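What follows is a short report on a single structure.
The values are calculated or read from the model by the stated rules, or taken from the named source; none is laboratory data. No experiment lies behind these values; they were computed from the predicted model shown. We place every Cβ from the backbone using ideal geometry, glycine too, and count neighbours over all the protein chains shown.
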Amino acid sequence: MVYLSRIYTKAGDGGQTGLGDGTRVSKDHPRVEAYGQVDELNAVLGLLAAHCPDAPECNLLRAIQNDLFDVGGDLCIPPAEDETAGGSLRVTAAQAGRLEHAIDRLNEDLRPLKSFILPGGTPAAAWLHLARTVCRRAERAVVTLAKTDPVNPQVVIYLNRLSDFLFVLARVANDNGKADVLWVPGQGRREAKAGSE
């Protein structure tokens, strides 16, 4: 159970923060950067829910927000070599598996892509594309962290699967892909050339 009695403690005024295991690190430590990116992703999903309450898969998106707190908690406590199973909150393969099932289910009704998609379309799709890009950034931050510090490998897998899910859901929010705007390679060059003639 989390219990917050005070919001400010002044302990971070010197540019350091505490990890979940009590270790003090700089606020720009790669571990803090990684779970900060996950926190930003969660906030983007909150904005999606606030601006588009009828977005597809609202209940699953709320569950994902909860998962992202699990991801942040996992990243906040570095795995110990002698850690016992269940000793710390860790992301599990089942959480990524739930996303895989949702991707497969939603993708059945989508027509295959023949080009990249321009982010946008409906407001819900636009928010989902933004969430997808923030998710990819968080994933990159975790990969960077894993080069120097121990990380639960399920965190990277979860974020990788989540970005795929957000992409598919953005297509669903665009009338099952019918309202997707496709990238036309070189279109701007042709239009610029035509305009200068």
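Before moving on, here are some points about what is shown:
- Residue within region 80-91 that is modelled with pLDDT under 90 and hydroxyl-bearing (S, T, Y) present: yes
- Of the listed requirements (1) surrounded by fewer than 12 Cβ atoms within 10 Å (Cβ to Cβ); (2) assigned to a helix (DSSP H, G or I), A125 misses just one: (1).
- Annotation for region 38-52: no member residue is in contact with a Lys or Arg (Cβ under 6 Å, 6 or more places away or on another chain) and modelled with pLDDT of 95 or more.
- Filtered residues of region 62-106 (kept if more than 17 Å from the chain's Cα centre (by Cα), surrounded by 17 or more Cβ atoms within 10 Å (Cβ to Cβ) and not in a loop (DSSP other than H, G, I, E, B)): L106
- Meets criteria (in contact (Cβ under 8 Å) with a residue 60 or more places away in the chain, closer than 12 Å to A124 by Cβ and not polar (S, T, N, Q)) for C52: yes
- Note on region 41-59: residues that are more than 15 Å from R132 (Cβ to Cβ) and aliphatic (A, V, I, L, M) amount to 2.
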